[in-house]
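The values are calculated or read from the model by the stated rules, or taken from the named source; none is laboratory data. As the structure is a computational prediction, the values presented were derived from the model and not from experiment. Positions of Cβ are generated from backbone atoms using ideal geometry, with glycine treated the same way; all protein chains shown enter the neighbour counts. Accessible surface areas use protein heavy atoms only, side chains included; no ligands, DNA or RNA. Shrake-Rupley method; radii C 1.70, N 1.55, O 1.52, S 1.80 Å.
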Amino acid sequence: MEERLGRARVVLVGTTHPGNIGSAARAMKAMGIADLVLVAPEKFPHADATALASGADDLLARARVVEDLATAVADCVWVVGTSARLRTHSVPVLGPDVAAGQVLAHASAGPVALVFGREHSGLTNTELDHCNAFVQIPTVPDFSSLNLAGSVQVMTYALRMAALGGPEDIASPAASAEEAERDPLATQAEMEGLFRHFEQALTTIEVLDPDNPRNLMRRLRHLYLRAGLSASEVRMLRGILTHTERGR
Ligand code: SAH
């Protein structure tokens, strides 16, 4: 169990209050999740973070600070975005338990991440575009926004519960250890390479008009991110794109 939880990362994007970073670290530590990455926090390190971590300051000491979400999740094989209200495109939104089961299943294949947004404005649409799946913690309809660290607690608890449930409870194509070794899930960096290739090839064959791109790239991203592609499937698609660009 601990091995898969050891591959789980919590990413906090643009956190305003350092106290929330400390409280999130405390929530994580109690659930056996230690990898914390901070994307452009407003104030960190900070005495309020240390005070609210209340004994989880080892997590803070090891936390990495990066500039953007793409960097935070580049090595990850599965990324789940959280939101109080999903105002974007028609993508499926999961509950915490199902999402946690998926995350854990994919943790056999490589690092996985749960991504949390800013206190006031959450995650941007562009940040949500990096996610394989989306979670909303169910609330009453007219008061859906939880405190940031409270959300981290709910999600890391769900992850721990999924881990206690054992490895067999979620069926996922690339979830077993042997399968993961034979054909690992694509990392986010590999997925970004695929999307750049798509953009280029679709522009060449004039399916994508750079002056009027509409929502094409975003919809393609969601389609392929949701599918959980393996590294070899990404290579196959890129092979097809190369031939598409050449016109034969
Ligand atoms: N007004 C913001 C609220 C941000 S709350 C918005 O609409 O997104 C700060 C962060 O806490 C969110 O970005 C999300 O990561 C998490 N969060 C808060 N409430 C949540 C909920 N009901 N489900 C999932 N995540 C939630």
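When all alpha-carbon pairs of the stretch 186-246 are counted, what percent fall beyond 13 Å?
Of all Cα-Cα distances in the stretch 186-246, 60 percent exceed 13 Å.
Could you size up the charge dipole of the stretch 2-169 around its Cα centre, putting +1 on the beta carbon of Lys and Arg and -1 on that of Asp and Glu, and report it in debye to the nearest 20?
Once rounded to the nearest 20, the dipole reads 140 debye.
Rounded, prolate or oblate: which fits the stretch 51-155, taking a ≥ b ≥ c as square roots of the Cα gyration tensor eigenvalues, rounded meaning a/c under 1.5, else prolate when a/b beats b/c?
rounded
Once amide H atoms are placed 1.01 Å from N in the peptide plane, what residues at a sequence separation of 5 or more from Arg118, or on another chain, have their amide H within under 5 Å of its amide H?
Residues meeting the criterion, in which the H sits 1.01 Å from N, are Leu123.
Spelling out what I want: for every residue of the stretch 233-247, take phi, set θ = phi - 60°, compute 6.51 cos²θ - 1.76 cosθ + 1.60 (Karplus), and round to whole Hz; glycine and proline get x.
5, 5, 4, 4, 4, 5, x, 4, 5, 4, 5, 4, 4, 6, x
With a Cα-only, solvent-free Debye model of the chain, what are the log10 I(q)/I(0) values at q = 0.11, 0.13 Å⁻¹?
Results for the chain at q = 0.11, 0.13 Å⁻¹ read -0.59, -0.80.
What are the ³J(HN,Hα) couplings of the stretch 62-74, residue after residue, when phi is run through the Karplus curve with 6.51, -1.76, 1.60 and θ = phi - 60°? Round to Hz, x for glycine and proline.
Karplus-based 3J(HN,Hα) across the stretch 62-74 equals 8, 4, 9, 10, 10, 7, 8, 5, 4, 5, 4, 10, 3 Hz.
With a probe of 1.4 Å, find how much accessible area the chain has per residue, and write the answer as a whole number in Å².
49 Å²
In the chain, what percent of the accessible surface is made up of carbon and sulfur (1.4 Å probe, ligands and nucleic acids excluded)?
53 percent
Just need the relative contact order of the chain here, percent rounded to a whole number, with Cα pairs under 8 Å and 6+ apart.
Relative CO of the chain lands at 22 percent.
Quick one: which residues, 5+ away or cross-chain, put their amide H under 5 Å from the amide H of Asp35? H built at 1.01 Å from N.
HN-HN under 5 Å from Asp35: Val10.
Taking the simple approach of a point 7 Å from Cα along Cα-to-Cβ for both Ile240 and Leu216, what is their distance in nm?
It is 1.6 nm.
Amide H of Val65: which non-local residues (sequence gap of 5 or more, or other chain) have their own amide H closer than 5 Å, using H built in the peptide plane?
For Val65, the qualifying residues are Leu38.
Per-residue HN-Hα couplings for the stretch 220-232, Karplus 6.51 cos²θ - 1.76 cosθ + 1.60 at θ = phi - 60°, whole Hz, x for Gly and Pro?
Those phi angles translate into 5, 4, 5, 4, 6, 5, 5, 6, x, 5, 8, 4, 6 Hz.
Would you be so kind as to identify which of Asn132, Ala105, Thr71 lies farthest towards the positive end of the dipole of the chain, taking Lys and Arg as +1 and Asp and Glu as -1 on Cβ and the Cα centre as origin?
The residue sitting farthest along the positive end of the dipole is Asn132.
I want the antiparallel fraction of DSSP beta bridges within the chain, as a percent rounded to 5.
Antiparallel bridges: around 10 percent, rounded to the nearest 5.
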